[in-house]
Amino acid sequence: MTTETELVATRLSLQAVAEHVLCAARHRATGRIGLRAAPGGFATPPFPGGHGLQTLAVDGTDLVRSDDRGSERTPLTTVADAARLAEIDAGAPAEVFTPTTPLDPSARLAIDPAAAAHLARWWGLVDDALAAFRAEHAADEPTETQLWPEHFDIAATVREVNYGGSPGDAAHPLPYLYIGPWSPPAPDGRFWNAPFGALVPAHEVPTVEAALALFEQGRALLT
């Protein structure tokens, strides 16, 4: 059984890699910071590198770099080692956002394999629910689903409402699904239970269908 302590430590270590390596590499090549859910964790979209298009991906407890030469994998031990494989100097683009995690390249990353798998499954579930939700409401021109390194949540926006899932944060340490209208309704102690909108713990939405139903419920209440 994965503990809260293991989940939090793993989340913060993975976020350090997301902010200071994956996001940093993509931003330096394209000016963009968004990541994507991927099998085993998360990844950059393909971006120009020194050997054609390349992708950086966190797969469990490893970092994988793929380009025209093939793929190379290394265990996630420190941010410095991850940056070395990515062929960049570590460091989030501070001109775009204030990093959540400190830049400490030589600090050992605390990534528990079971906790990393748990978070990967959560991002994958939310990603699938958002794909179905965006397809259902394509006429509303939803934004692309992105995994944002500075918040580490995966989300899309439809008609000025953010729909997404977080792996946890300082206020809510465990994963949760959320609906965040740009102009949130007043908390009612029921559905709208957070200052930003609605928050539901991940254990209450164990399937893609349950997550999609919650997104639809929030949309119906807002319209």
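The values are calculated or read from the model by the stated rules, or taken from the named source; none is laboratory data. Predicted, not measured: the structure shown is a model, and the values here were computed from it. We place every Cβ from the backbone using ideal geometry, glycine too, and count neighbours over all the protein chains shown. With ligands, DNA and RNA removed, areas are computed over all heavy atoms of the protein, side chains included. Shrake-Rupley method; radii C 1.70, N 1.55, O 1.52, S 1.80 Å.
If you take the Cα centroid of region 57-100 and the Cα centroid of region 118-147, the two points sit 24 Å apart.
Give me the number: length gained by fully extending Thr77 to Met1, i.e. 0.36 nm times residue separation minus the C-alpha to C-alpha distance, one decimal in nm. Walk me through the numbers on the way to the answer.
Numbers: separation 76, 0.36 × 76 = 27.36 nm, distance 2.30 nm.
Residue separation times 0.36 nm, minus the Cα-Cα distance, leaves 25.1 nm.
Of all segments of the chain bounded by trypsin sites (Lys or Arg not before Pro) found in a DSSP loop with no more than 12 other C-beta atoms within 10 Å, the longest spans 70-189.
Dividing the summed helix terms, -39500 (n - 2.57) for each DSSP H run of n ≥ 4, by the number of residues in the chain produces a 222 nm estimate of -10000 deg cm²/dmol to the nearest 500.
Helix 208-222 versus the longest principal axis of the chain: what is the Cα-based angle in degrees, 0 to 90, to the nearest 10? Roughly 50 degrees between the two axes.
Taking Rg and Dmax of the Cα atoms in Å as calculated from this structure, the corresponding entry among (i) 21.3, 73; (ii) 17.4, 55; (iii) 19.9, 63 is (ii). At Ala171 and Thr98, where each label point lies 7 Å from the Cα along Cα→Cβ, what is the point-to-point distance in nanometres? My value for the distance between the label points is 1.5 nm.
For Phe191 and Asp89, what is the calculated FRET efficiency with R₀ set at 41 Å and r taken between the beta-carbons, to the nearest 0.05?
So, using R0 = 41 Å, E works out to roughly 0.35.
Rounded to the nearest Hz, the phi-derived 3J(HN,Hα) couplings of region 7-18 under the Karplus curve 6.51 cos²θ - 1.76 cosθ + 1.60 (θ = phi - 60°) are 5, 5, 4, 5, 4, 5, 5, 5, 5, 4, 5, 4, where x marks glycine and proline.
Under the rule of at least 5 residues apart or a separate chain, name every residue whose amide H is placed under 5 Å from the amide H of Glu150. Amide H neighbours of Glu150: none.
Could you pull out the GluC sites (Glu not before Pro) across region 148-223 that fall in loop regions by DSSP (anything but H, G, I, E, B) with no more than 14 other Cβ atoms inside 10 Å?
Values: sites: Glu150, Glu160, Glu204, Glu209, Glu216; in loops: Glu150, Glu160.
Counting only loop positions with at most 14 other Cβ atoms within 10 Å, the GluC sites (Glu not before Pro) in region 148-223 are Glu160.
Residue-wise HN-Hα couplings along region 94-101, as the Karplus relation 6.51 cos²θ - 1.76 cosθ + 1.60 with θ = phi - 60° gives them from phi, are 5, 6, 9, 7, 8, x, 6, 9 Hz; Gly and Pro carry x.
Using a 1.4 Å probe, what is the accessible area per residue for region 32-110, in Å²? Mind showing how you got there, number by number?
On the way: 3940 Å² over 79 residues.
Result: 50 Å² per residue.
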